[in-house]
Each structure stands twice: as C-alpha cells, then as structure tokens.
1. Does any residue of segment 60-83 turn out to be under 16 Å from residue 1 (Cα atoms), in contact (Cβ under 8 Å) with a residue 24 or more places away in the chain and not hydroxyl-bearing (Ser, Thr, Tyr)?
2. Does segment 1-49 hold any residues that are loosely packed, with under 14 Cβ neighbours inside 10 Å and within 14 Å of residue 85 (Cα to Cα), and which are they?
3. Mind telling me which of the residues 9, 57, 21 ends up being among the β-branched types (Val, Ile, Thr), within 20 Å of residue 99 (Cα to Cα) and modelled with pLDDT of 95 or more?
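The values are calculated or read from the model by the stated rules, or taken from the named source; none is laboratory data. Since this is a predicted model, take the numbers as computed values, not measurements. As a convention, Cβ positions derive from the backbone with ideal geometry for all residues, glycine included, and neighbour counts pool all protein chains shown.
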Amino acid sequence: MAGFTLASVLCGFAPNLPILVLARILQGLFGGGLLAKAQAILFETFPPAAQGLAQAVFGVGVIAGPAIGPTLGGYLTDTLGWRWIFFINLPIGIAAVIIISLVSLEAVLALQF
C-alpha cells in the first residue's frame, strides 16, 4: 500500500512522459495484488456465516470505484489539473498505511503473549 501511494505521488510530480510511464508501471506493480489480498483478508477475518455480507460490502466498493472514478477524475482535471487524479490517492493511501501498520502491530503483539 505504501508503494502504491508513493508511486501515485511520483505520477503526480512526473516532469515528463517517460517518468510518468515509469511511475505508472510502479503504481501497477504495487497495486496489482491489493484486490486479491483484500479478499483474502476478508475471508480470514470474517466467520463463514458473515463472509457473504463482507464480500457484498466489498463488492459495492469495487463497483462504485469504476463508476465514480472517471467523473471525479474529469472534475479534478478540469478544476485543479491532471496531476490531482494521482494526488487524490495520497490521503486515502496514508490513512490505509497507518491502519495497516496499527493492525499489523496489534497482530504481532498478540502473537508474542
């Protein structure tokens, strides 16, 4: 998640097309496995009786992203500039990295006791 967020920032600050393409490749490499990992975490976290509901809620986000993304991206591009389609990932990515770090630390501490 940290790699994807950093690659998004690199995309936004890219001074030319070759750097933008390289940053997008990094973004894809770091982000490519996030969806599968998220589903695996859902299956590990929720009991079998609640997995259907958890996957349904997750699916709403998966469907809403491609539905809302182009409209939001167009709005950001028109009002703030094309770089903001990458910078919008920054607060969400930072929040996700913090939450992942806290949950991971809690899991590690639980294993030690």
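1. no
2. Hit for segment 1-49 is 13, nothing else.
3. On inspection, the qualifying residue turns out to be 9.
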